[in-house]
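What follows is a set of notes on a single structure, which appears directly below.
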Amino acid sequence: MFCLLVDKHFSGERRFEELKKCQIFVDFRESAELITQVKGDLIKNFDFDAYKDKVKLINSVFNPTSNRAEHLFNIHKHVQIRNSIQHKNGTIDQFFLKDLGVERIALLDRSANEREYGLNDNIELSIPEFDYFRRSIVLIGQTWREWHG
């Protein structure tokens, strides 16, 4: 989606003002055209941005009124859950909570009841929680698809 916006900007189809100022590097030893290098550097820099910064930028374009914010938060929560499972054996650490800006998170249990988790708790995922995550992805996808920029 970011690449689409960069292409639209450079083709003159739509200004990508939400990107604001960016620092790019040009290698004059390269045979690639200047515009190709600029696009490539913008995309490379975006790849290294934090998840929440990427989503904030994309959402500011495709969903400027921030509809369905709770679903964006749910997706972000699941990105942190995935990171926690991969890197912390499924344990919630301080970074997890700080990145989400919360002290506790709620997850649905097997009976679809909310259960709260906090610092140093082990995450237990359920089918209802996965269904809620999937629903959030679909709703945000539909919201972004409605964009007419």
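Kindly provide the set of residues from segment 43-58 that are surrounded by 12 or more Cβ atoms within 10 Å (Cβ to Cβ), free of Cβ contacts under 8 Å to residues at least 40 places away in the same chain, part of a helix (DSSP H, G or I) and more than 9 Å from the chain's Cα centre (by Cα), ordered by number.
Passing the criteria: only N45.
Which condition breaks for V26 when tested against (1) among the β-branched types (V, I, T); (2) part of a helix (DSSP H, G or I); (3) loosely packed, with under 13 Cβ neighbours inside 10 Å; (4) in contact with a helix residue (DSSP H, G or I) (Cβ under 9 Å, 6 or more places away or on another chain)?
Condition not satisfied by V26: (2).
Could you grab me the full set of residues in segment 120-146 that are under 26 Å from D53 (Cβ atoms) and polar (S, T, N, Q)?
Passing the criteria: S136, Q142, T143.
Against the conditions (1) modelled with pLDDT of 95 or more; (2) of a type outside the set (S, T, Y); (3) over 21 Å from L72 (Cβ atoms), where does R29 fall short? Just the number, please.
Unmet condition: (1).
Among the residues of segment 134-149, what is the count of those that are over 14 Å from the mean Cα position of the chain (by Cα) and over 14 Å from F73 (Cα atoms)?
7
Mind listing just one residue for me: the one in segment 97-119 that is part of a loop (DSSP other than H, G, I, E, B) and under 21 Å from the mean Cα position of the chain (by Cα) and, of those, nearest to A50 (Cα to Cα)?
Per the criteria, the residue is G101.
Considering (1) small (G, A, S); (2) in contact with a Phe, Trp or Tyr (Cβ under 6 Å, 6 or more places away or on another chain); (3) modelled with pLDDT under 95, say which one S84 fails and leave the rest.
(3)
State all residues of segment 85-96 that are in a helix (DSSP H, G or I) and either among the aromatic types (F, W, Y) or surrounded by 19 or more Cβ atoms within 10 Å (Cβ to Cβ) (or both); if no residue qualifies, say none. Outline the logic, then answer.
To start, the set of residues in segment 85-96 that are in a helix (DSSP H, G or I) comprises 85-88, 94-96.
Across segment 85-96, the qualifying residues are F95, F96.
For segment 90-134, which positions are out of contact with any Asp or Glu (no Cβ under 9 Å at 6 or more places or on another chain) and small (G, A, S)?
Hits for segment 90-134 are G101, S111.
The values are calculated or read from the model by the stated rules, or taken from the named source; none is laboratory data. Quantities reported herein were computed from a predicted structural model and do not represent experimental measurements. Neighbour counts are summed over all protein chains in view; Cβ atoms, including those assigned to glycine, are modelled from backbone coordinates with ideal geometry.
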